[in-house]
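The values are calculated or read from the model by the stated rules, or taken from the named source; none is laboratory data. Because the structure is a prediction, the values reported are computed rather than measured. Areas reflect the complete protein model, heavy atoms only, side chains present, ligands, DNA and RNA absent. Shrake-Rupley method; radii C 1.70, N 1.55, O 1.52, S 1.80 Å.
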Amino acid sequence: MSVDYICREVKRLKKKYHESDPFKLCDAMGIILLDAPMGNYQGACKGFFLTQSRKRSITINSDLPEELQRIIATHELGHAVLHAKAAGVNAFHDFELFDSASIMEYEANIFAADFLMDDDDVLEKLNEDISFFGAAALLRVPPELLDFKFRLMKRNGYKMIDPPLMANSNFLKNIETEVHNEY
């Protein structure tokens with residue numbers, strides 16, 4: 001699916017539900033939001049989306065820091081919105097699909113980046129002469145997710161510097177789960 005379609009879906013959902021909080025949006029959309037302790041060790045599952053008996057649910061690892069739970073919830077919400085038909089066959093989680101760095105993971109990251117960061121907020125932080133990593137911290141997102149937002153903004157005609165990193169689709173798999181004040 002196209003990046004333009006993903007961005008239109010983000011705008012459509014925010015407008016339809018008047019909601020920019022991923023947890024509240026899940027509730028408004030009738031998506032069951034669960035949390036379960038899954039550990040915070042390297043390789044622990046961070047979350048997954050599943051459709052079973054026509055009920056959609058997102059499960060988030062409750063051992064993760066609150067800010068990371070918000071990012072994972074938004075990423076999984078991206079799967080719920082963009083990949084609902086495929087979810088009847090497979091759960092989307094960070095074991096199977098991250099290993100193949102699939103296009104579905106890329107699309108869910110695009111969804112999360114566009115949902116969590118407004119263009120104006122990103123530009124405001126950059127105009128304050130804050131570093132890329134400083135802007136990510138102030139926006140409360142990992143630098144890799146800000147890289148996805150930069151790519152979207154460049155695609156939409158904004159003049160952006162090249163970020164100091166190039167995130168791949170599976171960056172959430174490897175993100176540290178310990179509590180940091182970085183984002």
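Within the accessible area of the chain, what % is carbon and sulfur when the probe is 1.4 Å and the other protein chains stay in place? So the carbon and sulfur contribution to the accessible surface is 50 percent. Among Glu76, Glu107, Glu66, the largest mean-square fluctuation in a Gaussian network model of the chain, built with springs joining Cα atoms closer than 10 Å, belongs to Glu66. Contact order, relative form, for segment 98-167: 31 percent (alpha carbon pairs under 8 Å, 6 or more residues apart, mean separation divided by residue count). Assuming 0.36 nm per residue, please report the length gained on full extension of the stretch Lys16 to Ser2 beyond their Cα-Cα distance. Length gained between Lys16 and Ser2: 2.9 nm. Only lysine pairs 8 or more places apart, or on different chains, with alpha-carbon atoms under 14 angstrom apart are counted in the chain, and they number 7.
Set against the 2.2 N^0.38 Å expectation for a compact globular protein, the chain has a Cα radius of gyration ratio of 0.98.
By the helix-only formula, in which each DSSP H run with n ≥ 4 contributes -39500 (n - 2.57) and the sum is divided by residues, the chain has a 222 nm mean residue ellipticity of -15000 deg cm²/dmol.
Restricting to the chain, compute how many DSSP beta bridges are antiparallel as a %, nearest 5. If you can, show how the numbers build up before the last one.
On the way: 8 of 13 bridges.
Here the antiparallel bridges make up roughly 60 percent for the chain.
Pick from Arg151, Arg56, Arg12: which residue has the top mean-square fluctuation in a GNM of the chain where Cα pairs under 10 Å get a spring? Of the options given, Arg12 has the highest mean-square fluctuation.
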